Amino acid sequence: MLTAWQQQARPVSSDFMPDIAEETDHEVDPDAQALLAVASGDTRAMRAIVERWQKPLINYFYRSTKSRHEAEDLAQQVFVNLYKAAPRYEPRAKFSTFVFHIARRQLMNNWRTKKRKPLDAVDPEHFQHEPDHTQPYESTAEIEEALGIALEQLPEKQRTALLLLKQQELSYEEIAHSMEATVSLVKSWIHRGRKALKQAMEELT
Amino acid sequence: MNKKHHSHEDSIDQFLAHQPIEPRDDFTDRVMHSIEVLEQGVPEEPVVEFSGWRRVALWATGIAAALVLAFGLSLSLEQPPSAPASDSTITLSAEDRALLFGDTRTQDTASADTDYAAMEDLLLMADQLAMLDTLDTDPDWAISELLDTQTL
């Protein structure tokens, strides 16, 4: 049973429905199933999606915006857009690919609205260092800060590709689908991004 | 050198994989609330947050506006109540008017009486309208009835 709003709504991401059917033929993605349930009016399924994806999304946005508040607002907007898109969703791709496609668009729209790259200073209250004492360096926070700055300064495509690969553990193919690019291009962005981060590390040590 | 290179690689991987932000406890509820608002068709109020120097600038503007307002108010209070009458105007006191025209009321009292009468008429009309509205009467009849009452 669709809600009145969903019956009228046009999903934000209507132009995107990645087609990698061979990956999903033999396995059922529980998040995709949940989004289909949302389309049928099951709000508990939406709550489950929010609980499952809030941390990955907030941290993805946080690495790009350096602001907890902004990251939370963006993540919230992604969930609202997911809800809007639910009636038209077809699980032809891995759910994570779909989510991060919407997330990246949300981030880019946010930048366009702000007309500037997000380089706001980090509110110290919200910057949570979790020191790892197994690290060989004396100051984990120092490395974190240097890499954070270097990551911010990367071109958006290199940063997104790196985060999707390492933070969100998407495959090269999934990143390519999510970013609407070829796998070779994604590999190139990741290679260049890593090179820039390594350079930042070498300058630090 | 090779060991150092590998440790850099490890640090980068650890940094990228690390998710430093734990969502707030009420995050899910906030999202579900936005979705409920969306379903009800009520436009969500945009959240405007001012931080750092913007907040300071906002406060400064507010204080400046309050000072200007207070200064303007104090100036207006210092003004004399009315400008002195010019030499060519002859002002009659209440006693003079009574002596010359037999009018025992001052001009101000007469004006106040007129205003009071007009106000009374208005209140009466308002009462009548309210009463007619309560009785759910025919509007044409109500208007004619009202006009008749006023004529009387």
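Do you know which residues across segment A:159-179 are without any contact (Cβ under 8 Å) to a residue 12 or more places away in the chain and open to solvent by 50 Å² or more (accessible area, probe 1.4 Å)?
If we filter segment A:159-179 for residues that are without any contact (Cβ under 8 Å) to a residue 12 or more places away in the chain, which is where we start, we get A:166, A:169, A:171, A:176.
Answer for segment A:159-179, where residues must be without any contact (Cβ under 8 Å) to a residue 12 or more places away in the chain and open to solvent by 50 Å² or more (accessible area, probe 1.4 Å): A:LYS166, A:GLU169.
Scanning segment B:21-43 for residues that are under 36 Å from the mean Cα position of the chain (by Cα) and either farther than 17 Å from A:GLU51 by Cα or loosely packed, with under 13 Cβ neighbours inside 10 Å (or both) returns B:ASP26, B:ASP29, B:GLU36, B:VAL37, B:LEU38, B:GLU39, B:GLN40, B:GLY41, B:VAL42, B:PRO43. Working only within segment A:151-179, note down all residues that are assigned to a helix (DSSP H, G or I) and facing another protein chain (nearest Cβ under 9 Å). If the condition is that a residue be assigned to a helix (DSSP H, G or I) and facing another protein chain (nearest Cβ under 9 Å), then A:LEU151, A:LEU162, A:LEU163, A:LEU165, A:LYS166, A:GLN167 are the ones that fit. When segment A:180-205 is filtered for residues that are buried (at least 21 other Cβ atoms within 10 Å of the Cβ) and either touching a strand residue (DSSP E or B) at 6+ places or on another chain (Cβ under 8 Å) or more than 12 Å from chain B (Cβ to nearest Cβ) (or both), the ones remaining, listed by number, are A:VAL186, A:TRP189. Candidates in segment A:38-79 are the residues that are of a type in the set (S, T, N, Q) and part of a loop (DSSP other than H, G, I, E, B); of these, the one that is most open to solvent (accessible area, probe 1.4 Å) is A:SER40.
The values are calculated or read from the model by the stated rules, or taken from the named source; none is laboratory data. Nothing here was measured: the structure is a model prediction, and the numbers come from that model. Cβ sites come from the backbone with ideal geometry, for glycine too, and all protein chains shown count toward neighbours. For accessibility, only protein heavy atoms count, side chains too; no ligands or nucleic acids. Shrake-Rupley method; radii C 1.70, N 1.55, O 1.52, S 1.80 Å.
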